[in-house]
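K.L.:
Below is a structure I'd like to ask you about.
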Amino acid sequence: MSRTVVVLGGGISGLAASYHLSRASHPPKVVLVEGSERLGGWIHSVRGSDGAIFELGPRGIRPAGALGARTLLMVAELGLDSQVLPVRGDHPAARNRFLYVGGALHALPTDLSRGSRNQSVQLIPWPLSPSLTLKVASLAMDSLCRGVFAGNSRELSIRSCFPSLFQAERTHRSILLGLLLGAGQSSQLDSALIRQARTERWSQWSLRGGLEMLPLALETHLTSRGVRVLRGQPVSGLSLHAEGRWKVSLGDSSLEADHIISAIPASVLSKLLPAEAAPLACALSTITAVSVAVVNLQYRGACLPVQGFGHLVPSSEDPGILGIVYDSVAFPEQDGSPPGLRVTVMLGGSWLQTLEASGCVLSQELLQQQAQEAVATQLGLKEPPSYCLVHLHKNCIPQYTLGHWQKLESAKQFLAAQRLPLTLAGASYEGVAVNDCIESGRQAAVSVLGTESHS
C-alpha cells in the first residue's frame, strides 16, 4: 500500500513539493493542507477594472542558473510557455537599476566595464577610490538586504542570505565584486523556453495574467493527478503514534500521515510540534520574520524620470521606504487599457518594526500617504494616483540572522538522529526568492521519494 504524505502549506513551496511527489513513477498518496482559503501564499495577482495587473507579492522571476532553469522547465510542463512575458537582456528593466541617495537617483553600474548609458541621472563615479568603494559597498549591501529581506544588513548573515556573495567575498575578497559580477551556476537543463531565455539573456519574466497564474496552474495539475487539496484548514497540532506515523490535527478533524513535508513558516511549525521534538521546535522558533507593506499605485498620463527596473533606498535615506519598482517598464503588457503607469512602493524596515512594536495601528491611509510622498519626492509623480492598493503582509520575509546556517545544521542533525518522518521546505530555510522556494519543495519531494524507495 502506498504511503501518505501530508504537505503543510499551500504556498509555492508546498505546491512545488506536491507537484514533484505527484509526478513520481510510483507516487505516494498526497494531501496538501492550506490554512487560508487560497493557494499561492505571497504570490497574489489582482486585475483592475481596466485589465491592469497588480502584484501584491513577487512580480518577476529570475531565469538564471540551475534553479531558474528548473522553474522554466516546470512552467513548460504546466503548458504556460505561451503566457510568459520576458524581460530581455537589452531592455532598460534588465540594464538599469538605481539607488536613491542624497535626494537623487544614481544608476548602479551593470558590470565592471561599463556604467549605465542613461545620462539623465547622476552616475556613481567609476572606478572608485578605496574609501568610496567601501561606502558604495556599504550602501549597496544595506539596500540589498532591505530590498530582498526587508532586513538590517548588520543583523543578517551574508553566508545564509546571499551564498553567492559569500563565495565571491571568499574568492575575490570583495562583496562589491560579487554584487557586480553576479553569480549563478550554469544549468545543464534544456528546453525550448530555457534556450530562449539563455539566447535572449532574460533578466526576469512574468506571466500575462500575473504570477498567480503559476500557483493556479499547479493547483489544476495537482487535482488532475489525484492530489487531495484542503483549503481553510489550519493545522492545530502534530503528534506521533507509537509506530512512527503522524496525526495531523485540523480543528475538528484529523489526518494520518507516514511523512510530513512542512512548507509553513518555521516559527509556526515550532508551535505545532510534539514534546519529543522540543529541541527542533526551539531552534525553529528563533527563525523570525518581518512584515512588509506593498502599495500598488497607478497614474494616468504620467512619465517616469528614468527607465529601469526600479530603485532601492538605503536606510540612511529613508528608514521606511525599501524601494520602488517601475512595473510598467518591465511589463507594459500588464498596463491595462488605456495604459496607466504602474509603480509599487515597498515599505518596511526599522520604521515599520518600530510602529508594530509600539502597537500603532498601521492604517491603509498611513501606508498610502507614505507611499505617495515617496513617489512624489523620489520620482516626481506629484499628482494623486488614479488607483491604489495597500496590503500589509505580516511576517512575510524570514530573517536569516547571524548563525542561521548553524540552526539549519542542528535541525537536520536532530531529524536524522530521531528518524523523524518530517522534511522542512519553504522560505524559512535556504532562500526567500520564488526559485529558491520552488527548489526547496522539489528537494523535499526528492528526499521523501528517496526514503520511500529505501523503506
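K.L.:
Could you work out what % of the accessible surface of the chain is carbon and sulfur, using a 1.4 angstrom probe and leaving DNA, RNA and ligands out of the count? Don't jump to the answer; show the numbers that get you there.
P.N.:
Numbers: 10760 of 20120 Å².
The computed percentage sits at 54.
K.L.:
A follow-up question, please. Could you give the size of the charge dipole of the chain about its Cα centre, using +1 on the Cβ of each K and R and -1 on the Cβ of each D and E, expressed in debye and rounded to the nearest 20?
P.N.:
Details: 37 positive and 34 negative charges, 154 e Å.
Approximately 740 debye in magnitude.
K.L.:
In sequence order, what are the phi-derived ³J(HN,Hα) couplings for segment 217-225 according to the Karplus relation 6.51 cos²θ - 1.76 cosθ + 1.60 with θ = phi - 60°, rounded to whole Hz, with x for glycine and proline?
P.N.:
Using θ = phi - 60°, the values come out as 5, 5, 4, 4, 4, 4, 5, 5, 9 Hz.
K.L.:
Which value, in Å², gives the accessible area per residue of the chain when a 1.4 Å probe is used on the protein heavy atoms?
P.N.:
Working: 20120 Å² over 455 residues.
About 44 Å² of surface per residue is accessible.
K.L.:
Using just the C-alpha positions of the chain as equal point scatterers, what log10 of I(q)/I(0) does the Debye formula give at each q in 0.07, 0.13, 0.14 1/Å?
P.N.:
Reported log10 I(q)/I(0), two decimals: -0.36, -1.27, -1.46.
K.L.:
Kindly express, to the nearest 10 degrees and within the range 0 to 90, the angle between helix 364-379's C-alpha long axis and the longest C-alpha principal axis of the chain.
P.N.:
40
K.L.:
Can you tell me the order of 145-157, 404-416 when each peptide is scored by its average per-residue count of other Cβ atoms within 10 angstrom, highest first? Walk me through the numbers on the way to the answer.
P.N.:
Values: 145-157: 20.1, 404-416: 15.6.
Descending mean neighbour count gives 145-157, 404-416.
K.L.:
Compute the helix-to-body angle for 65-77: its Cα long axis versus the longest principal axis of the chain, expressed 0 to 90° and rounded to tens.
P.N.:
Approximately 70 degrees, to the nearest ten.
K.L.:
Order the peptides 58-69, 92-103 from the highest to the lowest mean number of other Cβ atoms within 10 Å of their residues. Write down the numbers at each step before the final one.
P.N.:
On the way: 58-69: 21.8, 92-103: 19.5.
By packing density, highest mean first, the sequence is 58-69, 92-103.
K.L.:
Any idea which of Gly68, Ala93, Thr220 is furthest toward the positive side of the dipole for the chain, if Lys and Arg beta-carbons carry +1 and Asp and Glu beta-carbons -1?
P.N.:
Gly68
K.L.:
Which ³J(HN,Hα) values in Hz, rounded to whole numbers, follow from the phi angles of segment 298-314 under the Karplus curve 6.51 cos²θ - 1.76 cosθ + 1.60, where θ = phi - 60° and Gly and Pro get x?
P.N.:
Here the 3J(HN,Hα) series is 10, 10, 8, x, 9, 10, 7, x, 9, 10, x, 6, x, 9, 9, 10, x Hz.
The values are calculated or read from the model by the stated rules, or taken from the named source; none is laboratory data. Treat the numbers as computed from the prediction; the structure is a model and nothing was measured. Glycine gets a Cβ as well: all are built from the backbone with ideal geometry, and neighbour counts include every protein chain shown. The accessibility values were calculated without ligands, DNA or RNA, using every heavy atom of the protein model including side chains. Shrake-Rupley method; radii C 1.70, N 1.55, O 1.52, S 1.80 Å.
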